[in-house]
1. Taking the Cα centre of the chain as origin, work out the dipole magnitude from +1 charges on Lys and Arg Cβ and -1 charges on Asp and Glu Cβ, in debye rounded to 20.
2. Using a 1.4 angstrom probe with every protein chain in place, what is the largest-first accessible-area order of Val38, Val197, Val103?
3. Send over a whole-number figure in Å² for the accessible area per residue of the chain, probe 1.4 Å.
4. What whole-number distance in Å separates the alpha-carbon centres of region 51-125 and region 26-40?
5. So, with a 1.4 angstrom probe, what is the percent of accessible area on the chain that is carbon and sulfur?
Amino acid sequence: MKIKKIMILFILILASITYASTVNVSADDISGKEKYYVLRNNVKIKKEDINIITNSATINIINEEWDNLLAEDIKINSETFDSNAEELFFDLKEEKGELKNNVETKIKIDEEIMTIKCDIMNFDNKNKSYQGESENIVKIIKNDYNIQAKKFSYKEEENVLYLEGDVYILNEKKKMELKSQQATFNTKTNEMKATKVNLTLEVEDKKED
């Protein structure tokens, strides 16, 4: 079965005894079978506060329910985060997903934005939590702070960034440099805690009269 219409709109009802929600899907081209639907060109998927934009996606049906989707070259956003990536796996029921390859995420912290670049990031939209890593290094920017690590985790309600592996925190304005294998960074107060720390503070010498 193949349907070709501009901006075809589907309302997919996900329902069970304990679960009910609505997913709105639009695309230029849609083809499907019993176990999946393939969406192409100008694909837009919306579930509550989650929005996904892509040109290629597959929605899978498991146990006669719309279950998960796979998409390429995506943009995804909610009320508090905005991400781009080359690949996305997203569980429509649980609102949990995995972003892979050239992942760039912006997380809102009050009036500020924290930017994270990594290879892989898992997120839970209901609990507003994120975990990511990179083969080389994760890069995080928050105001004047440049942060690097192998792995990170963050939960919005805690406002604490957990960092692991080759942690490096630099603030050129404050002339502060921190190196450690494990550290935490409070995104509200900028307070840092670390173990086995190598800390460098640059202090200007007082000029003699």
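1. Working: 32 positive and 40 negative charges, 95 e Å.
In total the dipole reaches around 460 debye.
2. Working: Val38 25, Val197 70, Val103 0 Å².
Putting Val38, Val197, Val103 in descending order of accessible area: Val197, Val38, Val103.
3. On the way: 12630 Å² over 209 residues.
About 60 Å² of surface per residue is accessible.
4. Centre-to-centre (Cα) distance: 19 Å.
5. On the way: 5740 of 12630 Å².
Exposed carbon and sulfur together represent 45 percent of the surface.
The values are calculated or read from the model by the stated rules, or taken from the named source; none is laboratory data. Please read all numbers here as calculations on a predicted model, not as lab measurements. With ideal geometry, Cβ positions are generated from the backbone for all residues, glycine too; neighbour counts draw on all protein chains shown. These area figures cover heavy atoms from the full protein model, side chains too; ligands, DNA and RNA do not enter into them. Shrake-Rupley method; radii C 1.70, N 1.55, O 1.52, S 1.80 Å.
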